[in-house]
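Contents: one structure, followed by commentary.
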Amino acid sequence: MLEAGKDDNFVEKKLTETVYRTHNFNAIPPIIGIIIADQYGNTITVFEYDSNDDDKYGPIKSYLSKDHQNFLEIDLVSMYLSSFKIFAGQANIKNLSHLEIYGSNIKAQIYFLLEKYMVIVFLNSNTDLNSKQRAHVIKYCEDKLNKYESEYSNFNETCSRETLSMLEQKGKIWLKKFNIRYIETYKNLYLRKHETTEELMNQLGLIIEGEIKEYLNYVPDEIKNNFSKELKNKIQDKLFDLNLNGSET
């Protein structure tokens, strides 16, 4: 039993390592960082995921820039994205609450809060925040905007900058914890779905083999075995995709 437990742990570790690297979480964290700006695109606070010094995670602008010689400034990012809100008003798009921009490596979610602020969340393109996680991110930012309304409204004043700098440091700590929880939750979900798929395939495999033997009785065993294996693999992949994406946690 002890040896079996060790084997199970080894398999689980390999599975989670595979999904971790496949989704590029080893290079790009689930949430890279968050910018809070006013409605005109003036950046007020920025907090980014910052792991240990040994990790290769860089600031938001390192992911947005093509190379390290030509960094794209954060202020330009928020100002550019604020233009979508202005466009919505001029184009008669009513009650614009958020936007999403997708890329192959990263994506951005832009939320418009309290009528005069914009929250830009930069994520790994493979990060899928469920409704509870999205609400958690929005609430964190909204709570800070409400509690420190004076500092955010007067962000250029010297007395405000000290408080806003403190909020950035606290935001980095919060974001690090959020990313750790997200990865652990994703790994656990992945393992549960993998286990469910395995159980289903154990049952379906017997049915598949029985049907193939009955209807392909005169086909050579090698062809039947290859066909059975290929069919099982395709069904298993489809079941896993359905299990993994079919429900939120």
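See the values below:
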item	result
Considering residues of the range 112-133 that are of a type outside the set (A, V, I, L, M, F, W, C) and touching a strand residue (DSSP E or B) at 6+ places or on another chain (Cβ under 8 Å) only, the residue farthest from TYR49 (Cα to Cα)	LYS116
Given (1) small (Gly, Ala, Ser); (2) more than 30 Å from TYR190 (Cβ to Cβ); (3) at pLDDT 70 or above; (4) surrounded by 12 or more Cβ atoms within 10 Å (Cβ to Cβ), number of the condition SER97 does not satisfy	(4)
Of all residues making up the range 186-218, the number that are of a type in the set (D, E, K, R) and either more than 16 Å from LYS229 (Cα to Cα) or not in a helix (DSSP H, G or I) (or both)	6
Residue identified as within 22 Å of TYR49 (Cα to Cα) and of a type in the set (Ser, Thr, Tyr) among TYR190, TYR186	TYR186
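Matching residues to (1) in contact with a strand residue (DSSP E or B) (Cβ under 7 Å, 6 or more places away or on another chain); (2) outside the structural domain of VAL119 (by TED's automatic domain parsing); (3) loosely packed, with under 14 Cβ neighbours inside 10 Å; (4) in contact (Cβ under 8 Å) with a residue 60 or more places away in the chain:
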| position | (1), (2), (3), (4) |
| --- | --- |
| SER153 | no, no, no, no |
| GLU157 | no, no, yes, no |
| MET166 | no, no, yes, no |
| TRP174 | no, no, no, yes |
| GLU209 | no, yes, no, no |
| PRO220 | no, yes, yes, no |
| ILE223 | no, yes, yes, no |
| LYS229 | no, yes, yes, no |
| LYS234 | no, yes, yes, no |
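The values are calculated or read from the model by the stated rules, or taken from the named source; none is laboratory data. Fair warning: this is a prediction, and the values are worked out from it, not measured in the lab. So basically every Cβ, Gly included, is an ideal-geometry build from the backbone, and we count neighbours across all protein chains shown.
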